[in-house]
Structures are given as C-alpha cells and as structure tokens.
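Accompanying notes for the structure given below.
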Amino acid sequence: MKQAISSRQAAIDAQGDAHHEIDLRLVTRIGQALTPLIGPSEGKGAVWFQSMDWYGDGIRHLEFQPNRFPVHSIPKLQALLQDEYSPFGILCWTPFEPNVRAEQEQGLVIFSDTLVMTARVASQMTEHRKSRS
C-alpha cells in the first residue's frame, strides 16, 4: 500500500494550495454517495464516520460500524476518484465484529485504478458476489 500512496504523491503535491479545497470537495462527494446507501455519518443514527483530520497525503479515512460497510459501494466510491480527485485514495476501516483492534486490519483502500485490501475484506467481497448470483 505504501507504494500505491507514494506513486500518487507527485500529483498531490502538484495541486499545491488547492489540495485542501479539493480534499473538502471530495469529503462532500463521499457523503453524498454513502448517506443514501447506508445512512448518516453524524448524529444518533450514525453508522459510519469520515475523519476530518487533514495530513495532506490525499487519503480520506472512513470508519464503519461493524458489518455496516457496503461492499456494493466500492465501484461508486472508486468512480468518484476521477479528474482532480484521481490521486486521492479512500481508506475504509471495515470491522466485521465489535471490538476489533486496528492490528487485525479489516479494511481496504480504494484508488482510482486499484483496490488494496486485506484477505478478510476480499473474502467478504467474494461472499457478496456469490449472494448476488
């Protein structure tokens, strides 16, 4: 994953001062894509969260309640990463059970041209595809 991120760094750097504003627009677009699918990211019924910490690395960080990650949303999220958003990535922390620790690595990163995921997420995607057939 480090290579996937570092290979995009030059494009992020080329955005210069505009990077922060582009990042905020992507935050909005992610919210518009996910909220109708799984519900709000804020308030009492929140099932997901989008970190607003800003490191300038082009990685948006999303966290989902256990078993609430919408596997079917991956193509929609990946489609957002076009044009000015193409060097960005969307990190999704996707625990399958309550009280999962970060070192158990249940997640994926969505880039415009690739997905980087843990074996557990890959298995979940396979199960989702089988259930749709």
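The values are calculated or read from the model by the stated rules, or taken from the named source; none is laboratory data. Keep in mind that what you see is a predicted model, and the values were worked out from it rather than measured. As a convention, Cβ positions derive from the backbone with ideal geometry for all residues, glycine included, and neighbour counts pool all protein chains shown.
What do you reckon, is ILE110 closer than 27 Å to ARG132 by Cα, under 13 Å from the mean Cα position of the chain (by Cα) and buried (at least 18 other Cβ atoms within 10 Å of the Cβ)?
The answer is yes for ILE110.
Could you count how many residues in segment 2-26 are of a type outside the set (D, E, K, R), crowded, with 16+ Cβ neighbours inside 10 Å and in a helix (DSSP H, G or I)?
So the count comes out to 5.
Residue check, PRO75 against (1) under 14 Å from the mean Cα position of the chain (by Cα); (2) exposed (fewer than 12 other Cβ atoms within 10 Å of the Cβ); (3) over 23 Å from GLU127 (Cα atoms); (4) modelled with pLDDT of 90 or more, all met but one. Which one?
(3)
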